[in-house]
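The values are calculated or read from the model by the stated rules, or taken from the named source; none is laboratory data. Because the structure is predicted, anything quoted here is derived from the model rather than measured. As a convention, Cβ positions derive from the backbone with ideal geometry for all residues, glycine included, and neighbour counts pool all protein chains shown. Heads up: the accessible areas ignore ligands, DNA and RNA and are worked out on the full protein's heavy atoms, side chains in. Shrake-Rupley method; radii C 1.70, N 1.55, O 1.52, S 1.80 Å.
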Amino acid sequence: MEPIILASSSPRRQEILKLLNIPFRVIIPNFAEEAPSDLAPEAVPEFFAARKVDAVARSLPVENELPWILGADTVIIAKGKILGKPADQNEARQFLQLLQGATHKVLTGLALLNGKLMYVDTRTSVTKVTFAPMSQEEIDWYISTGDWHGVAGGYRIQGLASCFIKKIEGTNSSVVGLPIFELYDMLKTQGYSILD
């Protein structure tokens, strides 16, 4: 299999590529994470995934043929608002208070550049996650664990937050940050086989 460049520093995304036995190397994209003000919240993750791929492609030597480059971005939309990575414990607490007892959407956008064809395929995976009602004590406990740090919405579905997740409609891998079905389908459509 040809190696893929992963335009992300996410350990979860790296774990999923390892699970699929896809050879990869990481190049962290350098770009401003600012979406146009008229862009719908649902379009933001795909937009950022494509920007990550473009930033990495532009950072490579011009004389080389472009390889496969994969970008991904995950956002959480709760009550019409995008929740990014909380800046601190107070913001993480606000996010959890908003999420508890309600259903929100987790959107992961993918962008895959096939360097040989100079073609970028993009997709968005949508998963609905329902949190059970949480007491203030439960919220404070979760915040004290630090599990909220560095993740969109302030929770990790594969971590301690699973104590409070009542229902998932969609795929777990999408919430983790790299939807396996969509990735496999994109690769297969472009002739990249992971079955070798």
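Tabulated data
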| quantity | calculated |
| --- | --- |
| Integer Hz, Karplus 6.51/-1.76/1.60 couplings in order for region 126-140, x for Gly and Pro | 10, 10, 9, 10, 10, 8, 6, x, 10, 7, 4, 4, 5, 4, 4 |
| For region 5-36 versus region 144-196, the gap between their alpha-carbon centres in whole angstrom | 13 |
| Stretchable slack from V62 to E42, in nm (0.36 nm times residue separation minus alpha-carbon distance) | 3.9 nm |
| Contour excess over end-to-end distance, with Cα ends at Y184 and L20 and 0.36 nm allotted per residue | 58.1 nm |
| In Å², nearest 10: area of K116 left accessible to a 1.4 Å probe | 120 |
| Relative contact order (%) - region 50-122, alpha-carbon pairs under 8 angstrom, separation at least six | 41 |
| Solvent-accessible area of V53 with every protein chain in place, 1.4 Å probe, in Å² to the nearest 10 | 10 |
| Cα-Cα P(r), region 1-127, percent of pairs per 5 Å interval | 2, 10, 18, 20, 18, 14, 8, 5, 2, 1, 0 |
| Accessible area (Å², 1.4 Å probe, nearest 10) - W148 | 20 |
| Selection from G150, S162, F181, by position along the positive dipole direction of the chain (Cβ) | S162 |
| Relative contact order computed over region 1-53 (Cα-Cα under 8 Å; 6+ residues apart), in percent | 38 |
| Across K18/K128; K116/K167; K18/K79; K85/K116, pairs whose alpha-carbon gap is larger than 30 Å | K116/K167; K18/K79; K85/K116 |
| The chain - percent relative contact order, Cα under 8 Å, separation 6 or more | 22 |
| Within the accessible area of region 1-108 (1.4 Å probe), percent carbon and sulfur | 48 |
| Per residue accessible area of the chain, 1.4 Å probe, in Å² | 50 |
